[in-house]
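Coordinate-derived values only; no laboratory data. Because the structure is a prediction, the values reported are computed rather than measured. Using ideal geometry, Cβ is built from the backbone for each residue, glycine included, and neighbour counts are taken over all protein chains shown.
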Amino acid sequence: MLICFLIFTLWPIVGILQYSFYDWDGFSPRDNFIGFGNYKELLIDPYFWNAVRNAMILAFSHIFIEIPITLLFGVLLTRAYVRAKSVFRMLLFFPVVTTTAVVGIIFTIILNPVGGPISEILLQSKLIGSPINFLGSNDLALSTLISVSIWKHFGISLIYWTAALQTIPNELYEASRMDGSNSFQELLYITIPLVLPYGVIIMLLTFTHAINPFDLVQTLTAGGPNFTTDVVDTYIYRNAFNSSGSIPRHGLASAAGVSFSLIVIIMTIVGVLIRNYTVKKDSATGGISR
């Protein structure tokens, strides 16, 4: 395992750091050392910062939309009165095991304004007067991408929350019902405080898997239209593999990867510090510490 880590993880990281200091196309000899020239170019490149912004919007949309909804679904699917819980869990988890590229291609067909089933259903229902170009509209493309991405990863957060909720003793709920509490009060005063330490970890895991949506973005929009769904992954791909029709720029792409990795690392460290603070506060107040 250590050998595989050195070959497939550590060495590529060292290589990317080295490439980022060269003006290199990936084919010719690597002899044009430019120092921090690529990083200086990124600082003033509006396309790079647009990609960073879109990537952050996508990642934080998962946190602020997916996390609360999956928590509610998790609470519902751990209740004893809900029938066929395993069936619902399987259906909600099914998109996770589906290949992301296949999901992107299927949704491209489904959301096609010309003959796509969504537009056809809305047209026949008289809800719209003309087809909606979900993936080709500057105003709708990013929100459509976010919706598909949340649907794709919904089951992962649901499994995390389900595991966290199952650690809460049933005796606490039974005692609260004897005191006359309702379901909302149980959620507010028992469930949320006890799963909060897990919640910070779930947020970090959700953020890390949502920050790299290359396969879904590439198959759905390829970063378009007009770069409205362009993320750092597609920005790197476009510069490194000449998909834009210009000379490949592996050095600039490597610098973009390093820069964005540093941004993500800093944000992850902040999240870990928040998590540690939450656990210490929970321990000080006599709660369950994880």
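Using the basic label-point model (7 angstrom from Cα toward the beta carbon), what is the ILE13 to THR98 distance in nanometres? Between ILE13 and THR98, the simple spin-label model gives 3.5 nm.
Values of log10 I(q)/I(0) for segment 13-134 across q = 0.22 Å⁻¹ run -1.20, by the Debye formula with one identical scatterer at each alpha carbon and no solvent. Dipole magnitude for segment 57-284: about 160 debye, using +1 per Lys or Arg Cβ and -1 per Asp or Glu Cβ, origin at the Cα centre.
For TYR22, the residues whose modelled amide H falls within less than 5 Å of its own, excluding neighbours fewer than 5 places apart on the same chain, are ILE34. From helices alone, the chain scores -20000 deg cm²/dmol at 222 nm; the rule is -39500 (n - 2.57) for each run of n ≥ 4 DSSP H residues, then divide by the residue total.
Mean-square fluctuations from a GNM of the chain, with a 10 angstrom spring cutoff on Cα atoms, peak among PRO131, PRO225, PRO29 at PRO29. Take 124-130, 175-181, 136-142 and order them by the average number of nearby Cβ atoms within 10 Å per residue, most first; the result is 136-142, 175-181, 124-130. Rounded to the nearest Hz, the phi-derived 3J(HN,Hα) couplings of segment 144-150 under the Karplus curve 6.51 cos²θ - 1.76 cosθ + 1.60 (θ = phi - 60°) are 5, 4, 4, 4, 5, 5, 5, where x marks glycine and proline.
Between TYR189 and LYS126, what's the calculated FRET efficiency when r is the beta-carbon distance and R0 is 41 Å? Round to 0.05. Given R0 = 41 Å and the Cβ-Cβ separation, E is 0.30. Across the chain, the relative contact order, built from alpha-carbon pairs under 8 Å that are at least six residues apart, equals 30 percent. Potential lengthening of the chain between ASP139 and ALA84 amounts to 15.9 nm, from the contour at 0.36 nm per residue minus the alpha-carbon distance.
Couplings 3J(HN,Hα) of segment 214-222, computed from phi: 4, 4, 5, 5, 5, 7, 7, 10, 6 Hz, in residue order, whole Hz [Karplus 6.51 cos²θ - 1.76 cosθ + 1.60, θ = phi - 60°; x for Gly and Pro]. To test your reading of the geometry: what angle, between 0 and 90 degrees and rounded to tens, separates the Cα axis of helix 85-97 from the longest principal axis of the chain? Helix 85-97 and the main axis of the chain meet at about 10 degrees. Under 5 Å between amide hydrogens, built in the peptide plane, is the criterion, and for THR229 it picks out GLY224 among residues at least 5 positions away or on other chains. A convex hull fitted around the alpha carbon atoms of segment 57-284 yields 154 Å³ per residue.
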